[in-house]
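**Q** My questions all concern the structure below.
The values are calculated or read from the model by the stated rules, or taken from the named source; none is laboratory data. What you see is a predicted model; the values in this text were computed from it and never measured. Cβ atoms come from the backbone with ideal geometry, glycine included; neighbour counts cover every protein chain shown.
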Amino acid sequence: LTILGLESSCDDTAAAIVRRTGDDAPEILSSVVMGQNDLHADFGGVVPEIAARAHAERLDICVRRALAEAGLSLADMDAVAVTAGPGLIGGVISGVMCAKGIAAGAGLPLIGVNHLAGHALTPRLTDGAGFPYLMLLVSGGHCQFLIARGVDDFTRLGGTIDDAPGEAFDKTARLLGLPQPGGPSVEAEARSGDPARFAFPRPLLDRPGCDMSFSGLKTALLRARDALVAEKGGLTRTDRADLCAGFQAAVVDVLVEKSRRAIAAYLEEIPAHPLLAVAGGVAANKAIRAGLESVCTEMGVQFTAPPLRLCTDNAAMIAHAGLELFAKGRKDDMTLAARPRWPLDQRSPALLGGGK
Ligand code: ATP
Ligand code: FE
C-alpha cells in the first residue's frame, strides 16, 4: 500500500508518501514540510486567514515535491489521506479540498484522518510499537494521556483543563520578547538559567488523577516579569534565563508527576505491555524527554519518542495513519467534512458502520 498524505491544520503545509509492503514496517518515501513562521512573525502568533491562504497556495507544491522525491506519480498511489480535523478550520478545509481534487482527478480513495491520531500513531511508524500502549500527546493545542488500543480506538485518561504546554511555551516567549515558536527559544534560554530562583506553581499536583492545568503558570510568569520590570526598569539576560528555567522546570514537574499517575493507572489495566510513547511538538523538549525517561525507568516502563521532525506537524504521520485506517477498510467519500473539533476518544463514524 502506498498512501499520499496531506497536512494543513495549523501553520505547516505538508505532503508525504508512506508505503507498507505486506507485514513489513511502514516506510516514509518522502516527507515535505513548508513552515509559515515567516508569514506570522509580525503578529506574535498564527493568523488563521493567512495560514489558510498559504496552505491553499502551497499544498499543490508540496504534493508535487513529495511525488518527485519519492520518484512516483499519482498513478502509483493507493489512496490519499488528509487531516480532516481538529485544527484551524480554514487550513483544514484547504487540505480537504485539495485531497478531494486529487482523489476525484486520479480516481483514488479518500481517507479523512484525525490530526491527533496522526501524532498518536507515530510510535508505530517510527518504532513499530504494538497495541496497546500509553501515549502522552503534548503539543501546541493539546495535552492528554491516551491508551492507544487500536488505529481508531483510544481511551483518554486525562489531560489539560485549559492551555496546552506548547501554548504556554509560546505565551512565555511572547511575554519575554523571545521569538516564536516559543518552545525552542524558551528551552534555549532555560539552559543557562537557574530553575530555583522563581518559585512557580505546579498546578493540580495536589489533586488526584491525570488532569493538568498550565494557564496559572503563565499568570505567575507575568507577575514575576512585571515585578522585575517595576523594580529595575527591565529584564537582564540572567532574569530572562532564570524565568525560562523556572517555567520549564514547573512544566517538567507537572508532566512527570502526572505521567507517573497515568503509568500506574495504565499498568493496573494492562501490566503486560509497559510502554509510554510521547508525541507532539513539545516532545521535542530535551528536559521534558529526560524527565519522562527517568519516570519510565523508575516504573519499569519502556519509553519512546519519535525523532524531532516527526514530533512536530508533518504529513508522514497523516499518510501513515491513513494507511493503517485504509488497511482496516476505512474509506471516506466526497461528503468528507472538515471538523474544527474532533476528540480522539470518539471513534470515527466510518468504523462504527455508517453515518458521517
Ligand atoms: P496540535 O498538534 O495540538 O494541533 P500544533 O500542531 O500547533 O498543535 P505541534 O506542531 O505538534 O503543535 O507543536 C508545536 C508546539 O510545540 C508549539 O507550541 C511549540 O512552541 C512547541 N515546541 C516545539 N519545540 C519545543 C521545545 N523544544 N520545547 C517546548 N515546546 C516546543
Ligand atoms: Fe500537531
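**Q** Residue by residue through region 165-193, note down the ones that are within 11 Å of ligand 1 (Cβ to nearest atom), aliphatic (A, V, I, L, M) and without any contact (Cβ under 8 Å) to a residue 60 or more places away in the chain.
**A** 173, 188
**Q** When you look at residue 31, is it of a type in the set (Gly, Ala, Ser), within 16 Å of ligand 2 (Cβ to nearest atom) and modelled with pLDDT of 95 or more, yes or no? Reasoning before the result, please.
**A** Details: of a type in the set (Gly, Ala, Ser): yes; within 16 Å of ligand 2 (Cβ to nearest atom): yes; modelled with pLDDT of 95 or more: yes.
So residue 31 passes the test.
**Q** Then there's this: Is it the case that region 42-51 has a residue that's of a type in the set (Val, Ile, Thr) and in contact with a strand residue (DSSP E or B) (Cβ under 6 Å, 6 or more places away or on another chain)?
**A** Among the residues of region 42-51, not one is of a type in the set (Val, Ile, Thr) and in contact with a strand residue (DSSP E or B) (Cβ under 6 Å, 6 or more places away or on another chain), which makes the answer no.
**Q** Got at least one residue in region 303-310 being loosely packed, with under 13 Cβ neighbours inside 10 Å and outside any helix (DSSP H, G or I)?
**A** yes
**Q** When you check residue 272 against the structure, is it over 19 Å from residue 142 (Cβ atoms) and not in a helix (DSSP H, G or I), yes or no?
**A** On the way: over 19 Å from residue 142 (Cβ atoms): yes; not in a helix (DSSP H, G or I): yes.
It is true that residue 272 is over 19 Å from residue 142 (Cβ atoms) and not in a helix (DSSP H, G or I).
**Q** Let me ask something else. Quick one: in region 102-154, which of the residues that are among the small types (Gly, Ala, Ser) and surrounded by 21 or more Cβ atoms within 10 Å (Cβ to Cβ) is nearest to residue 271 (Cα to Cα)?
**A** Looking at the filtered set, the residue picked out is 148.
**Q** Next question. Could you identify the single residue in 219, 236 that is surrounded by fewer than 18 Cβ atoms within 10 Å (Cβ to Cβ), β-branched (Val, Ile, Thr), over 30 Å from residue 12 (Cβ atoms) and without any contact (Cβ under 8 Å) to a residue 12 or more places away in the chain? Lay out the reasoning, then the answer.
**A** Values: 219 fails: over 30 Å from residue 12 (Cβ atoms).
Testing whether each residue is surrounded by fewer than 18 Cβ atoms within 10 Å (Cβ to Cβ), β-branched (Val, Ile, Thr), over 30 Å from residue 12 (Cβ atoms) and without any contact (Cβ under 8 Å) to a residue 12 or more places away in the chain leaves just 236.
**Q** Please list, ordered by residue number, the strands (runs of 3 or more DSSP E) wholly in region 118-170 having 1 or more residues that are more than 11 Å from the chain's Cα centre (by Cα), within 16 Å of ligand 2 (Cβ to nearest atom) and among the aromatic types (Phe, Trp, Tyr). Don't jump to the end; show me each part of the working.
**A** Numbers: elements: 133-138, 143-150, 153-159.
The strands (runs of 3 or more DSSP E) meeting that bar are 153-159.
**Q** Can you pull out every residue in region 171-183 that is within 17 Å of residue 226 (Cβ to Cβ), outside any loop (DSSP other than H, G, I, E, B) and small (Gly, Ala, Ser)?
**A** 173, the sole residue that qualifies.
**Q** I'm trying to understand the selection: among the residues of region 13-48, which are within 18 Å of residue 182 (Cβ to Cβ), touching a His at 6+ places or on another chain (Cβ under 9 Å) and either free of Cβ contacts under 8 Å to residues at least 12 places away in the same chain or not in a loop (DSSP other than H, G, I, E, B) (or both)? So that I can check it myself, show each step before the final result.
**A** First, the residues of region 13-48 that are within 18 Å of residue 182 (Cβ to Cβ): 35-47.
Next cut, touching a His at 6+ places or on another chain (Cβ under 9 Å) only: 36, 46-47.
Residue satisfying the conditions is 47 alone.
**Q** How many residues does region 11-20 hold that are under 21 Å from residue 123 (Cβ atoms) and modelled with pLDDT under 95? Step through it out loud before you land on a result.
**A** Restricting attention to region 11-20, the residues satisfying the condition of being under 21 Å from residue 123 (Cβ atoms) are 12, 14, 16-20.
This time we only want the ones that are modelled with pLDDT under 95, so: 12.
Qualifying residue count for the region: 1.
**Q** Out of the residues in region 55-69 that are in contact with a helix residue (DSSP H, G or I) (Cβ under 8 Å, 6 or more places away or on another chain), touching a residue at least 40 places away in the same chain (Cβ under 8 Å) and surrounded by fewer than 21 Cβ atoms within 10 Å (Cβ to Cβ), state the one that is farthest from residue 323 (Cα to Cα). Walk me through how you get there before you give the answer.
**A** First pass over region 55-69, keeping only residues in contact with a helix residue (DSSP H, G or I) (Cβ under 8 Å, 6 or more places away or on another chain): 55-56, 59-60, 63, 67.
Now restrict to residues that are touching a residue at least 40 places away in the same chain (Cβ under 8 Å): 55-56, 59, 63, 67.
Subsequent filtering for residues that are surrounded by fewer than 21 Cβ atoms within 10 Å (Cβ to Cβ) retains 56, 67.
Details: 56: 24, 67: 17 Å.
Looking at residues that are in contact with a helix residue (DSSP H, G or I) (Cβ under 8 Å, 6 or more places away or on another chain), touching a residue at least 40 places away in the same chain (Cβ under 8 Å) and surrounded by fewer than 21 Cβ atoms within 10 Å (Cβ to Cβ), I get 56.
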